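The block underneath contains the structure these notes are about, expressed in structure tokens.
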Amino acid sequence: MRDPDLQNFLEAVKKAYGRYAGEGRTRASLDTIFQRLETPVPARAGPGSRLPVCGCLDDVLSADFEAPDLSALVAAFRTIEPRLRWYRRATWNETASANFPDGHANTMIFGPQGLEEHSDLMLGVSLLGPQVRYPDHDHAPEETYLVMTEGEFRHGDSDWFTPGVGGSFYNSPGIGHAMRSGKRPLFAFWALLSV
């Protein structure tokens, strides 16, 4: 049986992705992820750990989310956040901003090193402090974002675009992509499906 707080988070994130994510390949990817998560695995015990940029979290999570499903997702995330282990991206390139190393944090909720260990999927969060650019990068798993704050993204040959609060978009396997924050922090969920 899954920990009740983690189950509540899973239901909230599934509902939010269900409302905001697109159709086609996006929907198929998310359906597979959530089907795989129907079977819980033992949760990691112990406290989480934060990085200095996580000081931005209180500001981000106390925002007024007008949509009830986004408010429910943030409330569920708040409950599990003390158990999460935040980490920095291990590598980056010249496309990252100079403040990137200390200006970002990621955490895994489901997946390798997550609260629940899964080898075939990843569901987590990225946090960027103000005026931080995440480096151009790509990866084999397909990915669907659910954006919770203002911020800019790009993928492939696209220009920078702003999904807005509740915006969602899909990155096909191997496509280059990046994100950047403006004057406020950027906070976004991501779901990756490994084959």
Check: Restricting attention to region 46-94, and to residues there that are surrounded by 14 or more Cβ atoms within 10 Å (Cβ to Cβ) and polar (S, T, N, Q), which single residue is farthest from LEU10 (Cα to Cα)?
Finding: SER71
Next item on the list: Considering each of ASP120, ASP102, ASP136, ASP157 in turn, give the residue that is of a type outside the set (S, T, N, Q), over 22 Å from SER62 (Cβ atoms), over 16 Å from the mean Cα position of the chain (by Cα) and at pLDDT below 95.
Entry: ASP157
Checklist line | Single match in THR144, THR162 (criterion: in contact with a strand residue (DSSP E or B) (Cβ under 9 Å, 6 or more places away or on another chain) and surrounded by fewer than 20 Cβ atoms within 10 Å (Cβ to Cβ)) | finding: THR162
Check: Mind checking which residues of region 139-163 are part of a strand (DSSP E or B), within 20 Å of TRP92 (Cα to Cα) and of a type in the set (A, V, I, L, M, F, W, C)?
Finding: PHE153
Next item on the list: Hey, could you check region 120-138 for residues that are of a type in the set (Gly, Ala, Ser) and assigned to a strand (DSSP E or B) and say which is farthest from LYS14 (Cα to Cα)?
Entry: SER126
Next item on the list: For THR107, work out the one condition from (1) surrounded by fewer than 20 Cβ atoms within 10 Å (Cβ to Cβ); (2) modelled with pLDDT of 95 or more it doesn't fulfil.
Entry: (1)
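The rows are residues; the columns are (1) more than 23 Å from ARG85 (Cβ to Cβ); (2) small (Gly, Ala, Ser).
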site	(1), (2)
PRO4	no, no
ALA12	no, yes
ALA21	yes, yes
GLY48	no, yes
Note to self: Looking for something out of contact with any strand residue (DSSP E or B) (no Cβ under 9 Å at 6 or more places or on another chain), in contact (Cβ under 8 Å) with a residue 60 or more places away in the chain and within 24 Å of ALA12 (Cα to Cα) - is there at least one such residue anywhere in region 108-119?
What the structure shows: yes
Note to self: Against the condition of a type outside the set (S, T, N, Q) and surrounded by fewer than 20 Cβ atoms within 10 Å (Cβ to Cβ), how does GLY156 come out, does it pass?
What the structure shows: yes
Check: Residue check: is ASP69 in contact with a Gly (Cβ under 6 Å, 6 or more places away or on another chain) and either among the polar types (S, T, N, Q) or more than 23 Å from SER49 (Cβ to Cβ) (or both)?
Finding: no
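The values are calculated or read from the model by the stated rules, or taken from the named source; none is laboratory data. Here the structure is a predicted model, which means the values were calculated and not measured. Cβ coordinates were reconstructed from backbone atoms using ideal geometry, including for glycine residues, and neighbour counts include every protein chain displayed.
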